[in-house]
Each structure stands twice: as structure tokens, then as C-alpha cells.
Amino acid sequence: MFPGVADLVVGEDGLARCGWGASTPEYVAYHDDEWGRVVRDDTRLFEKLSLEAFQSGLSWLTILRKRDGFRAAFDGFDAEKVAAYGEAEIERLLNDPGIVRNRAKIEATIHNARAIDDLPVPLNELLWSFAPEPRPARLGALDQIPATTAESKAMAKELKKRGFRFVGPTTAYALMQAMGMVDDHVAGCHVPP
């Protein structure tokens, strides 16, 4: 999953981090403060779901560097507001250099906001219903981190059934990591379990 990246690195601050989490200031902040931390707020979950979809085929660093632009462009990821977007907003977004200007992903984000409005339960309740059993210990190496799991496949299937787009099993697993449903920090990482 992380070819050519050391499992654990020690940063200039003397803290041991997962190898991917130390190469740039954006990665350090994301790794230390967000990745693997529990999120249950629907607005933040919609943001994470949307950003994971935009990341598909791109570097996560690209998304992190544009995150403030995404937040501004998509009304802070207020699903109710985004669900009301029409063609004028799509054109505005396609011309916004602060985000990834991909029509399919923009339209998927709007479509997913509408799908959230149609859910019979809050988004966090639906997503957290796919939480796997906790692992007994952290994994020892980055190459032990799966790209998909039975739970991420089930989550993706349910989201697609409910009309969500850009939510394949790999994206679903990345969302599970981003929302703290799974803790994929490697053994020895300073981030507390």
C-alpha cells in the first residue's frame, strides 16, 4: 500500500510516526491530529467522504493542500446546502482553482449530499454500523494495512445501494481510516491508540 516508504520514521521533533506521515508539514498535521481519530459528526463525515472521493486517482497531499478551498467551495460541507446545488453551482465549482475541478466528482459530491438527505438514519449511524471488531494490537508494518476489508466492501455496497457515488471498497476503507473507525497507525507510532 505504501511502496518504498519506511514503516516508522522519527521526525525532527523526535516523535516516531508512520512512514507516510512525516514527509511534509501537511502530512504531519493530518497524521498526528486527524487520521485514525474518531469522528461522528455528520458534517465532518460528509467532508471526509467527499474528500476521499476527490482523492481517487490523485495524491492525498493534493487534497490536503486544497482542503480549505474545498470547504469554502462546498459551504463547509453542509449537506443540506450542497444538496440544493444546481447547474450554476456546478459551473462555479468547475471554475474554482481552489479545488480539484473534475465534473464527475463535483456532481458525485452534490448527489451524495442528496443521498444523505434521503437516509432514514443520520450518516454517522449508517457509517458506524460497519465498524469492524477492534484489532488486538497495531500492525507492525505498513504493508500489513489492507486496501479493502469485508466491512469496507459491505459499506461500499450499502452506500451504492442508497445512491452514493465514488464509494468503492477502497474509498470506503480510506474513509474508515480517516474517521477513526480503524486504527492503522503502525506499532511504535507516537499517536495514542
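What to note about this one:
- Spin-label proximity, R40 to the stretch 146-180 - amide N less than 16 Å from point 7 Å beyond Cα toward beta carbon: 179-180
- Couplings for the stretch 40-50, taken from phi via the Karplus curve 6.51 cos²θ - 1.76 cosθ + 1.60 with θ = phi - 60°, read 10, 6, 4, 5, 5, 5, 5, 4, 4, 4, 5 Hz in order; Gly and Pro are left as x.
- Taken about its Cα centre, the stretch 7-89 carries a charge dipole of about 120 debye when Lys and Arg each add +1 at the Cβ and Asp and Glu each add -1 at the Cβ.
- Within the straight-line cut-off of under 18 Å between alpha carbons, the lysines reachable from K66 are K48, K105, sequence neighbours fewer than 8 places apart in one chain being disregarded.
- Percentage relative contact order, the chain, counting C-alpha pairs under 8 Å, at least six apart: 30
- About its Cα centre, the dipole of the stretch 38-178 is roughly 440 debye, where the only charges are +1 on Lys and Arg Cβ and -1 on Asp and Glu Cβ.
- Taking Cβ atoms as reference points and 9 Å as the exclusive limit, the residues near P169 contribute a net charge of +2, counting Lys and Arg as +1 and Asp and Glu as -1.
- Vicinal HN-Hα couplings computed from phi for the stretch 143-159 (Karplus, 6.51 cos²θ - 1.76 cosθ + 1.60; Hz; Gly/Pro x): 6, 8, 7, x, 8, 9, 9, 4, 5, 5, 5, 5, 4, 4, 4, 5, 4
- Each Lys or Arg adds one and each Asp or Glu takes one away; over the other residues whose Cβ falls under 14 Å from the Cβ of R65, this sums to +1.
All of the numbers you see were taken from the coordinates with simple rules; none came from a lab. Just so you know, these numbers come straight off a predicted model, no measurement behind them. Positions of Cβ are backbone-derived with ideal geometry, glycine not excepted, and every protein chain shown enters the neighbour counts.
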